[in-house]
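The values are calculated or read from the model by the stated rules, or taken from the named source; none is laboratory data. Keep in mind it's a predicted model, so treat the numbers as computed, not measured. Note that each Cβ is placed from the backbone with ideal geometry, even for glycine, and that neighbours are counted across all protein chains shown. The area values use the complete protein model at the heavy-atom level, side chains included, leaving out ligands, DNA and RNA. Shrake-Rupley method; radii C 1.70, N 1.55, O 1.52, S 1.80 Å.
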Amino acid sequence: MTSLSEQRCVACRADSPHVTDEEVAELHPRMPEWRVITESNVRKLRRTFRFTNFRQALTFSGSVGDAAEEEGPHPRLVTEWGRVTVTWWTHAVKDIHRNDFIMAAKTDLLYDRYGS
């Protein structure tokens with residue numbers, strides 16, 4: 001089985017399928033640090049990453065942004081001193097798509113590279 005971080009995102013439209021509850025139950029255990037939240041009736045994946053200073057947090061935010069530009073999905077990034085909160089969801093489907101799990105896994109890899 002190919003890991004999520006090795007997979008590529010697919011283009012989404014408003015009629016693209018969001019993940020089912022069963023798919024969330026299968027995919028979420030692969031990344032237990034991520035929380036599935038509901039915000040304004042939209043399911044999202046969220047994780048806060050910790051850093052020892054603002055420069056590390058800013059560098060990490062930039063690397064997540066670069067990955068988003070390369071793959072297509074774009075997260076909410078909140079960069080603060082010592083931490084970055086990343087939230088993934090697919091705007092077009094107003095829910096979580098498999099792409100969001102792929103990007104969360106890629107974000108974890110970036111943290112392994114840039115994290116404290």
### Task
Counting only C-alpha contacts under 8 Å and six or more residues apart, can you give the relative contact order of the stretch 73-116 as a whole percent?
26 percent
### Message
Charges on Cβ only, +1 for Lys and Arg, -1 for Asp and Glu, centred on the Cα centroid of the chain; of H18, F101, P32, which one is farthest towards the dipole's positive end?
### Response
P32
### Task
Report the Stokes-Einstein translational diffusion coefficient (µm² s⁻¹, integer) for the stretch 4-73, Rh taken as the Kirkwood radius over Cα pairs, at 20 °C with viscosity 1.002 mPa s.
148 µm²/s
### Query
Between the stretch 1-75 and the stretch 82-116, how many Å separate their Cα centres?
3 Å
#### Entry: Accessible surface of the chain, 1.4 Å probe, proportion on carbon and sulfur as whole %
50 percent
### Query
According to a simple spin-label model (label point 7 Å from Cα along Cα-to-Cβ), what is the distance in nm between E6 and A25?
2.7 nm
### Task
Obtain the radius of gyration and the Kirkwood radius of the stretch 31-116 from its C-alpha atoms and give Rg over Rh.
0.95
### Message
If each DSSP helix of 4+ residues adds -39,500 (n - 2.57) and the sum is divided by the residues in the chain, what number results at 222 nm, nearest 500 deg cm²/dmol?
### Response
-11500 deg cm²/dmol
### Task
Determine how large the accessible area of D15 is when every protein chain is in place; take a 1.4 Å probe and give Å² rounded to the nearest 10.
110 Å²
## Note on the structure
With every protein chain kept in place and a 1.4 Å probe, the stretch 37-112 has an accessible area per residue in Å² of 47 Å²
### Query
Quick one: Cα convex hull volume of the stretch 57-96, Å³ per residue?
52 Å³
